[in-house]
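Peer 1: One structure, pasted below without further comment.
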Amino acid sequence: MTRRLFWEDMYAREFDAKVVAVEGNRLVLDQTAFNPRGGGLVSDTGTVDSARVTVVVKEGDEIFHIVDTPSEFGAGKMVHGVLDWDRRFRVMRMHTSAHILSSVVNGETGALITGNQISHDESRVDFNLDNFDRDKMSHYIDRVNEAVRRELEVKTYFMKREEVLANPGFVKLANAMPPSVDILRIVEIGDVDTQADGGVHVKNTREIGKVVGLKTENKGKSNRRLYFTVTPSVF
Ligand SMILES: [Zn+2]
């Protein structure tokens, strides 16, 4: 299993690691700060030594770094990884914003997220909603920014499945993860949102800056899509 440095320190931008295997253009390291694609999040990009990491994927417990020059690596080699930090930090801000947005919309309408794509430049969230337009979008985004301005702490911790199931408020979190997952990673954003989640987030909502609604789209029956981004502006 690849040690996930991004769970221990989501702000790690560089790391040392040992090559475990090279399979074609896929590099397996003993540990990595590269967050793989998954859960609607784009993967990190960056470099390992002089190779460009174009995408990172996970298969089971293993993480694979797709590199452009795999021939420079061999099992046992010590390497240095560097993330494209500007991109990653935007993904962390976008992802934390998406959680707050889902909580706001769910709290007001009962709608659930049916899909999401979190990227560094523009993100989108789908809701199973009938009634959605630009005014509604502005209203929800205002509510999200109110929460962001409260400078909520974002806590991340691990819990055993049985502990999660013993806590009535957390049962739905346990049910959201496959039964094969024994240890759940819980992400708690102040009093706004708690999820079982493997993704990367900021430590405090003040780092988000400001959330900006871009547009809404009708994606078929009871499926409404909202596009948003984040700006660095301080209130
Ligand atoms: Zn998430």
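The values are calculated or read from the model by the stated rules, or taken from the named source; none is laboratory data. Please read these numbers as outputs of a predicted model, since none were measured by experiment. Cβ placement follows ideal geometry from the backbone for every residue including glycine, while neighbour counts extend to all protein chains displayed. All accessible areas refer to the heavy atoms of the entire protein, side chains included, with ligands and DNA or RNA removed. Shrake-Rupley method; radii C 1.70, N 1.55, O 1.52, S 1.80 Å.
Peer 1: Quick one: ranking Ser103, Ser97 by accessible area, 1.4 Å probe, largest first, what do you get? Before the final figure, lay out the partial values.
Peer 2: On the way: Ser103 30, Ser97 0 Å².
If we order Ser103, Ser97 from most to least accessible, we get Ser103, Ser97.
Peer 1: How much of the accessible area of the chain, probe 1.4 Å, is carbon plus sulfur, in whole percent? Show your work: numbers first, answer last.
Peer 2: Numbers: 5500 of 11230 Å².
Its accessible area is 49 percent carbon and sulfur atoms.
Peer 1: A further question on this structure: Please compute the per residue accessible area over the chain with all protein chains in place, 1.4 Å probe, rounded to a whole number of Å². Kindly include the intermediate steps, with their values, before the conclusion.
Peer 2: Values: 11230 Å² over 235 residues.
Dividing the accessible area of the chain by its residue count gives 48 Å².
Peer 1: Could you give me the radius of gyration and the Dmax of the chain, taking only the C-alpha atoms into account and expressing both in angstrom?
Peer 2: Final numbers for Rg and Dmax: 18.7, 57 Å.
Peer 1: On to the next question. Modelled label-to-label distance, Asn204 and Ser119, 7 Å Cα→beta-carbon offset: nm?
Peer 2: 3.1
Peer 1: Once you list every other residue whose beta carbon is under 10 Å from the beta carbon of Asp126, what net charge do they have if Lys and Arg are +1 and Asp and Glu are -1? Write out the running numbers ahead of the final one.
Peer 2: Numbers: positive: Arg124, Lys219, Arg224, Arg225; negative: Glu217.
Once all neighbours under 10 Å are counted, the net charge is +3.
Peer 1: Using Cα atoms only, what is the angle between the long axis of helix 134-149 and the major principal axis of the chain, expressed in degrees (0 to 90) to the nearest 10?
Peer 2: Once rounded, one gets 60 degrees.
Peer 1: Please list, in order, the residues from the range 61-79 whose amide nitrogen is less than 19 Å from a point placed 7 Å along the Cα→Cβ vector of Glu8.
Peer 2: The answer is 61-65, 76-79, whose backbone nitrogens lie closer than 19 Å to the label point.
Peer 1: Can you work out the FRET efficiency for the pair Glu146 and Ala75, with r the C-beta to C-beta distance and R0 = 41 Å, to the nearest 0.05? Don't jump to the answer; show the numbers that get you there.
Peer 2: Numbers: r = 52 Å, r/R0 = 1.26.
So the FRET efficiency works out to roughly 0.20.
Peer 1: Further question on the same structure: Counting Lys and Arg as +1 and Asp and Glu as -1, what is the net charge of the other residues whose Cβ lies under 10 Å from the Cβ of Thr231? Intermediate results must be reported in sequence, preceding the final value.
Peer 2: Numbers: positive: Arg93, Lys210; negative: none.
Residues close to Thr231 contribute a combined charge of +2.
Peer 1: Please compute the Cα-Cα pair-distance distribution of the range 73-204 with 5 Å bins starting at 0, giving whole percents from short to long.
Peer 2: 2, 9, 16, 18, 19, 15, 10, 6, 3, 2, 1, 0
Peer 1: Rounded to the nearest 0.05, what FRET efficiency do Glu62 and Ala176 give with R0 = 25 Å and r taken as the Cβ-Cβ distance? Could you check? It would help to have the intermediate numbers written out before the result.
Peer 2: Details: r = 23 Å, r/R0 = 0.91.
Calculated transfer efficiency: 0.65.
Peer 1: Using the Cα atoms of the range 173-234, I'd like the radius of gyration and the largest Cα-Cα distance, Dmax, both in angstrom.
Peer 2: My reading of the Cα-based Rg and Dmax gives 15.6, 43 Å.
Peer 1: Using a cut-off of 9 Å between beta-carbons, work out the net charge of the residues near Lys18 (Lys and Arg +1, Asp and Glu -1, Lys18 not included).
Peer 2: On the way: positive: Lys77; negative: Asp16, Asp30.
Neighbour charge sum, excluding Lys18 itself: -1.
Peer 1: What residue among Phe158, Val200, Leu226 has its Cα farthest toward the positive end of the dipole of the range 149-235, where the charges are +1 on Lys, Arg and -1 on Asp, Glu, each on the Cβ?
Peer 2: Value: Leu226.
Peer 1: Set the Förster distance to 30 Å, then compute FRET efficiency between Glu153 and Val20 from the Cβ-Cβ distance, nearest 0.05. Intermediate results must be reported in sequence, preceding the final value.
Peer 2: Numbers: r = 35 Å, r/R0 = 1.18.
For R0 = 30 Å, the calculated efficiency reads 0.25.
Peer 1: List the chymotrypsin sites (Phe, Trp or Tyr not before Pro) within the range 1-45 that DSSP assigns to loop and that have no more than 14 neighbouring Cβ atoms inside 10 Å. Display every interim value, and only then the final one.
Peer 2: Working: sites: Phe6, Trp7, Tyr11, Phe15, Phe34; in loops: Tyr11, Phe34.
Answer in residue order: Tyr11.
Peer 1: Suppose the chain between Asp135 and Ser50 were pulled fully straight at 0.36 nm per residue; how much longer would it get relative to their current alpha carbon spacing?
Peer 2: Values: separation 85, 0.36 × 85 = 30.60 nm, distance 4.85 nm.
Taking 0.36 nm per residue and subtracting the Cα distance, the gain is 25.8 nm.
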